[in-house]
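A short worksheet on the structure shown next.
Please treat every number below as a calculation from the coordinates, not as lab data. From a predicted model like this one, the values you see are computed outputs, not experimental measurements. Backbone-built Cβ (ideal geometry, glycine too); neighbour counts: all protein chains shown.
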Amino acid sequence: MRFIETWTSATLLATRDLTPAIREFLLRPDNFAAAPYPVGSHIDVGVTIDGQPQTRSYSLVGEVDPQGYRIAVRHAPDSRGGSRYMWSLAPGARLNITQPASLVQLDWTRRQFCLIAGGVGITPIVGAAQALARRDTGVTLHYAVRTRSDAAYLELLEGLLGDRLIVHAGDKGRRLDLDSVFASLPQDTMALFCGPMRMLDAARRAWEASGRPMTDLRYETFGSSGLLPTEAFRVRLRGEGTEFVIPHDRSMLDVLNDAGHEVLSDCRRGECGVCALDVIDVDGEIDHRDVFFSDHQKQESRKICACVSRARGTITVDTLHRADTI
């Protein structure tokens with residue numbers, strides 16, 4: 001297991017609205033030591049949805065802050081309820097959070113970096129921009145938003161990067177052309193991406209088309225972003241005659257575990273593949289929201305990451321035969 005969750009209590013010190021839909025939260029853990037954490041770190045936060053305790057992951061914004069941990073949450077009407085809960089909190093609220101953890105590994109020996117953020121995906125990118133600017137490397141940040149008013153941390157990033165920050169605002173007719181961006185990069189460039197699933201798929205295709213090694217494209221994504229609307233679907237268990245309804249605001253992993261089926265998991269972000277289940281039949285369509293399986297594996301739909309992926313209609317899975325998670 002790569003994530004050993006160490007939980008601690010924390011106090012919400014302050015909030016501020018960065019855009020009409022993105023709110024920043026300053027959380028101070030008890031006995032906070034302001035220890036540095038790696039680029040791309042996130043914390044898990046205990047939330048309450050419809051009276052039930054659940055967990056959500058949020059990227060830490062920027063490098064270590066002596067006041068506490070900063071996260072930014074987009075209020076998403078079609079989310080599973082985590083953002084609604086977070087936005088209901090006021091300063092003084094007490095929460096349970098984990099220690100920072102990161103799956104992002106950058107090669108700090110490189111001299112050229114390209115950062116790409118889509119919407120609220122800017123949150124883990126801020127710390128990377130700070131670290132790279134301090135190291136005086138060649139770094140450019142492409143920031144894609146629907147409108148310029150949707151761009152959080154814009155003033156901070158402009159002061160940090162100057163003309164190396166390029167904002168692609170849809171309302172200004174300046175859409176992000178990933179093929180052109182990647183084609184213009186020096187060959188030894190390492191890229192770091194964070195954004196919605198559809199944008200990540202486009203980034204991976206453009207990166208591969210540019211002839212660059214896929215290992216030089218590192219990414220974070222939000223598992224809540226899929227290609228299909230978030231809605232309830234049904235899961236049948238092979239050989240058991242059991243069927244579950246997965247509500248729009250809960251994951252298949254949580255529903256199955258609560259019912260006693262003990263599906264193993266680790267990252268809960270669609271990155272590690274530990275919770276992958278065999279898919280026996282699909283009456284509808286699977287919405288693969290993980291970043292673990294390849295495009296080919298997703299097209300085959302023989303497995304599904306129970307922590308983030310969803311479906312339309314009914315799928316039949318096997319929770320027992322899981323020897324090969326690939």
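Tell me, what is the percent relative contact order of the chain, built from C-alpha pairs under 8 Å that lie six or more residues apart?
For the chain, the relative contact order is 14 percent.
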Quiz prompt | Range of Cα positions in the stretch 134-269 per principal axis (Å), largest first | solution = 59, 35, 29
Quiz prompt | Helical contribution to [θ] at 222 nm, DSSP H n ≥ 4, -39,500 (n - 2.57), averaged over the chain, rounded to 500 | solution = -5000 deg cm²/dmol
Quiz item: Does a label point 7 Å from the Cα of Ala33, set along Cα-to-beta-carbon, have any residues of the stretch 84-101 with amide nitrogen under 16 Å, and which are they?
Solution: 98-101
Exercise. Just grab the label-to-label distance for Thr147 and Asp188, each label 7 Å out from Cα along the Cβ direction, in nm (one decimal).
Key: 4.4 nm
Exercise. Work out from phi, with θ = phi - 60° and the Karplus expression 6.51 cos²θ - 1.76 cosθ + 1.60, the ³J(HN,Hα) of each residue of the stretch 180-192, listed in order in whole Hz, and give x for Gly and Pro.
Key: 5, 4, 5, 5, 8, 7, x, 4, 8, 6, 9, 10, 10
Quiz prompt | GNM flexibility winner over the chain from His168, His248, His261 (Cα, springs under 10 Å) | solution = His261
Quiz item: Rounded if a/c is under 1.5, else prolate if a/b beats b/c, else oblate: with a ≥ b ≥ c from the C-alpha gyration tensor eigenvalues square-rooted, which is the stretch 146-186?
Solution: oblate
Exercise. Take the chain, connect every pair of alpha-carbon atoms lying under 10 Å apart with a spring to form a Gaussian network, then pick out the residue of Arg110, Arg94, Arg74 with the largest mean-square fluctuation.
Key: Arg110
Exercise. Specify the residue with the greatest mean-square fluctuation among Asp44, Asp201, Asp258, computed from a Gaussian network of the chain linking alpha-carbon atoms under 10 Å apart.
Key: Asp258
Quiz item: With contacts defined as alpha carbon pairs under 8 Å and 6 or more residues apart, what's the relative contact order of the stretch 206-326 in percent?
Solution: 31 percent
Quiz prompt | Where chymotrypsin sites (Phe, Trp or Tyr not before Pro) fall in DSSP loop in the stretch 49-132, at most 10 other Cβ within 10 Å | solution = none
Exercise. Note down the relative contact order for the stretch 7-98 as a percent, whole number, built from C-alpha pairs under 8 angstrom at least six residues apart.
Key: 39 percent
Quiz item: Just one of (i) 19.4, 70; (ii) 23.4, 76; (iii) 19.8, 61 is Rg and Dmax of the Cα atoms in Å calculated from these coordinates, so which is it?
Solution: (iii)
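Expressed in nm to one decimal, what extension gain is obtained for the pair Asp201 and Arg234 from 0.36 nm per residue of sequence separation less their Cα-Cα distance?
Additional length available on full extension: 9.3 nm.
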Exercise. Could you pull out every residue, at least 5 positions away or on a different chain, whose amide H is within less than 5 Å of the one on Cys267? Hs are placed 1.01 Å off N in the peptide plane, and Pro or chain starts have none.
Key: Cys272, Val274
Quiz item: Under the Karplus relation 6.51 cos²θ - 1.76 cosθ + 1.60, θ = phi - 60°, what is the ordered set of whole-Hz ³J(HN,Hα) values for the stretch 242-249, x standing for Gly and Pro?
Solution: 10, 10, 10, 9, 9, x, 5, 9
Quiz prompt | For Ala14, residues with placed amide H under 5 Å, excluding near neighbours | solution = Leu26
Practice problem: Mind computing the radius of gyration and Dmax over the alpha-carbon atoms of the stretch 203-266? Å is fine for both. | Solution: 17.3, 48
Quiz item: Can you list residues whose amide H is under 5 Å from Asp287's amide H, if they're 5+ apart or on another chain and H is modeled 1.01 Å from N?
Solution: Arg310, Ala311, Arg312
Exercise. Treat each spin label as a single point 7 Å out from the Cα along the C-beta direction, and report the Thr137 to Asp179 distance in nm.
Key: 2.8 nm
